[in-house]
1. Mind telling me which of the residues Phe92, Phe140 ends up being in a helix (DSSP H, G or I) and within 13 Å of the ligand (Cβ to nearest atom)?
2. Looking only at region 60-77, decide whether some residue is charged (D, E, K, R), within 15 Å of the ligand (Cβ to nearest atom) and over 15 Å from the mean Cα position of the chain (by Cα).
3. Hand me the list of helices (runs of 4 or more DSSP H) wholly inside region 1-53 holding 1 or more residues that are open to solvent by less than 30 Å² (accessible area, probe 1.4 Å) and at pLDDT below 80.
4. Scan region 170-182 for residues that are within 14 Å of Leu77 (Cα to Cα) and either surrounded by 14 or more Cβ atoms within 10 Å (Cβ to Cβ) or within 9 Å of the ligand (Cβ to nearest atom) (or both) and report the count.
5. What number of residues within region 178-199 satisfy the criterion of being more than 19 Å from Gly111 (Cβ to Cβ) and in contact with a strand residue (DSSP E or B) (Cβ under 6 Å, 6 or more places away or on another chain)?
6. Determine, yes or no, whether Ala215 is among the aliphatic types (A, V, I, L, M), within 19 Å of Val251 (Cα to Cα), more than 10 Å from the ligand (Cβ to nearest atom) and in contact (Cβ under 8 Å) with a residue 60 or more places away in the chain.
7. Determine whether Phe185 is at positive phi, near the ligand (Cβ under 9 Å from one of its atoms) and either open to solvent by less than 10 Å² (accessible area, probe 1.4 Å) or in contact with a Gly (Cβ under 7 Å, 6 or more places away or on another chain) (or both).
8. Quickly run through region 100-127 and pick out the residues that are modelled with pLDDT under 95, open to solvent by 10 Å² or more (accessible area, probe 1.4 Å) and either over 22 Å from Asp68 (Cβ atoms) or not in a helix (DSSP H, G or I) (or both).
Amino acid sequence: MLLEHIPKSHIARIAYIEKLEGELLDQALTELHQVPLLAENGCRNVPAGYVRACGISFGKLHDVVREDPLYKQIFHLVNGGSLVDENVLMNFFLLLKYSIKEMPGDIVEFGSFRCGTAVFLACVARALGIKGKVYALDTFEGIPHADGRIDFHTSDDFKDTSFDVVSKIIQELHLDNLVLVKGRFQDSFPQICSMLQPLSLVHVDGVTYSSVKYAINAALPHMHPRGGYLVIDDALCSSCIGALQAAEETVQEYHLNAEQVWPHLVYRISKTHGSSPAKS
Ligand SMILES: C[S@@+](CC[C@H](N)C(=O)[O-])C[C@H]1O[C@@H](n2cnc3c(N)ncnc32)[C@H](O)[C@@H]1O
């Protein structure tokens, strides 16, 4: 065990990992993601969250991921089709490679637009031998409803996509682990519920209060018993106070604490945790 003998402070752990290269770095990151989780507060792995966030933000993980041949190849394939920042894709890459790989289940994205991120997740998952499916949920016709009191975006936004064009791209890539689910989350998610394996990753990128609120609450009872990742993209975005409010309400209701705050909010939630709101 590489990490067994180093000081347990977050800063010492990050400094130690910064010095590793190649297989040793790989081994340390694998070990780090397999330490026992804190069962309270949503079974999070704080050390792993710090190493990913700090490593991408100002450490070597940024360059390590960027130079990873698999990451490079898939990032170029997606070719700007994703709306998220590249740091977000890097964090997804680390989550898939070092944690989700050991947690078989499905992935759901609430809000996929042109499916750049969904294609990225499906390609990386396939290349790493992760068996589950990636479900990409969207109207593919824009935001169905926005509340002008708290939402910045309106129902005219995100219309510039096409279910048929995205389907064709997915077919051409032979991505049979990526399933497009067209419709409002509120209608489409109940239709796929019975097919779902426990969710190892849920990416909530629905922009408005009602969409994000629905997505989080609908996904929680399906989270992987080992602590599936709930990633909320919009909550820290300047144009998404509604999404932030939905995240804040869930965090308060379920007494969740984040595992990672940058480049997006990351929580870990087990099915048991997600099915019963904590009592204050
Ligand atoms: C920010 S975009 C998603 C970007 C995408 N995840 C990416 O990384 O490229 C938000 C998407 O959520 C979709 N959306 C928002 N609310 C929805 C709802 N209630 N049902 C279905 N789609 C919704 C919008 O149509 C839009 O395409």
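The values are calculated or read from the model by the stated rules, or taken from the named source; none is laboratory data. These figures come from a predicted structure and were not determined experimentally. When we count neighbours, we look across all protein chains shown, and the Cβ atoms used for this are built from the backbone with ideal geometry, even at glycine. The area values use the complete protein model at the heavy-atom level, side chains included, leaving out ligands, DNA and RNA. Shrake-Rupley method; radii C 1.70, N 1.55, O 1.52, S 1.80 Å.
1. Details: Phe140 fails: in a helix (DSSP H, G or I).
Testing whether each residue is in a helix (DSSP H, G or I) and within 13 Å of the ligand (Cβ to nearest atom) leaves just Phe92.
2. Within region 60-77, the first condition is being charged (D, E, K, R), and the residues that meet it are 60, 63, 66-68, 72.
Retained after the next criterion (residues that are within 15 Å of the ligand (Cβ to nearest atom)): none.
So far as region 60-77 goes, no, none of its residues is charged (D, E, K, R), within 15 Å of the ligand (Cβ to nearest atom) and over 15 Å from the mean Cα position of the chain (by Cα).
3. Numbers: elements: 10-19, 22-32, 40-43.
Helices (runs of 4 or more DSSP H) meeting the threshold: 40-43.
4. Within region 170-182, residues that are within 14 Å of Leu77 (Cα to Cα) and either surrounded by 14 or more Cβ atoms within 10 Å (Cβ to Cβ) or within 9 Å of the ligand (Cβ to nearest atom) (or both) number 3.
5. So the count comes out to 1.
6. Answer is no for this residue.
7. Against the criterion (at positive phi, near the ligand (Cβ under 9 Å from one of its atoms) and either open to solvent by less than 10 Å² (accessible area, probe 1.4 Å) or in contact with a Gly (Cβ under 7 Å, 6 or more places away or on another chain) (or both)), Phe185 does not qualify.
8. If the condition is that a residue be modelled with pLDDT under 95, open to solvent by 10 Å² or more (accessible area, probe 1.4 Å) and either over 22 Å from Asp68 (Cβ atoms) or not in a helix (DSSP H, G or I) (or both), then Pro104 is the only one that fits.
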